[in-house]
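**Student:** Dropping the structure in here first, questions after.
The values are calculated or read from the model by the stated rules, or taken from the named source; none is laboratory data. Computed from a prediction, not measured in an experiment: that's the story for all the values here. For neighbour counting, all protein chains shown are included, and Cβ atoms are generated from backbone atoms with ideal geometry for every residue, glycine included. Areas reflect the complete protein model, heavy atoms only, side chains present, ligands, DNA and RNA absent. Shrake-Rupley method; radii C 1.70, N 1.55, O 1.52, S 1.80 Å.
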Amino acid sequence: GDIVLLAKPVTLTEGDRVTLTTDVPVATDGTSKPEKLLYAVSLPPVHGQIEHINYPGVPISSYSQLDVVAQKVSDDHDNSHGAGKEALR
């Protein structure tokens with residue numbers, strides 16, 4: 001089916017961490033099983049990394065919708081000064 005992904009911008013400053021919730025990325029694919037959706041990070045943040053909160057400091061390249069619902073995924077900004085806007089894809 002069709003996949004719909006809604007994402008809202010999140011602002012991080014040096015050293016900040018934001019936990020991804022269904023308010024930030026939320027996706028549906030037209031089935032009755034959105035919990036089976038997987039996200040793949042094809043363009044990671046330049047000034048930080050996406051992490052599973054149970055494994056801090058270890059970047060991940062994919063996570064599930066269940067991880068987002070359980071608030072187990074975070075975007076951790078490094079301590080770069082003057083880092084401009086960036087996107088995660």
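**Student:** Looking only at region 55-72, which residues are more than 12 Å from residue 38 (Cβ to Cβ) and either within 12 Å of the chain's Cα centre (by Cα) or open to solvent by 70 Å² or more (accessible area, probe 1.4 Å) (or both)?
**Tutor:** Across region 55-72, the qualifying residues are 55, 56, 58, 59, 69, 71, 72.
**Student:** Among the residues of region 1-24 satisfying the criterion of being within 12 Å of residue 74 (Cα to Cα) and at pLDDT below 70, which is most open to solvent (accessible area, probe 1.4 Å)?
**Tutor:** The residue in question is 10.
**Student:** Is there any pair with a first residue in region 42-57 that is in contact (Cβ under 8 Å) with a residue 40 or more places away in the chain and over 12 Å from residue 19 (Cα atoms) and a second that is assigned to a loop (DSSP other than H, G, I, E, B) and not aliphatic (A, V, I, L, M) whose Cβ atoms are under 8 Å apart and which are 6 or more apart or on different chains, and what are they?
**Tutor:** 42/89; 43/89; 44/61; 45/86; 46/86
**Student:** Considering only region 38-47, state which residues are open to solvent by less than 50 Å² (accessible area, probe 1.4 Å) and under 18 Å from residue 71 (Cα atoms).
**Tutor:** 39, 41 - these are the residues of region 38-47 that are open to solvent by less than 50 Å² (accessible area, probe 1.4 Å) and under 18 Å from residue 71 (Cα atoms).
**Student:** Taking only pairs six or more apart or across chains, which ones have beta-carbon atoms under 6 Å, a first residue in region 59-75 that is more than 21 Å from residue 16 (Cβ to Cβ), and a second residue that is at pLDDT below 90 and surrounded by 14 or more Cβ atoms within 10 Å (Cβ to Cβ)?
**Tutor:** Listed pairs, sorted by first residue: 61/41; 65/34; 65/37.
**Student:** Another one. For region 25-37, how many residues meet the condition of being modelled with pLDDT of 75 or more, surrounded by 13 or more Cβ atoms within 10 Å (Cβ to Cβ) and not in a loop (DSSP other than H, G, I, E, B)?
**Tutor:** 0
**Student:** Here is a follow-up. Do we find that residue 76 is modelled with pLDDT of 70 or more, touching a Gly at 6+ places or on another chain (Cβ under 6 Å) and not in a loop (DSSP other than H, G, I, E, B) in this structure? Outline the logic, then answer.
**Tutor:** Values: modelled with pLDDT of 70 or more: yes; touching a Gly at 6+ places or on another chain (Cβ under 6 Å): yes; not in a loop (DSSP other than H, G, I, E, B): yes.
Answer is yes for this residue.
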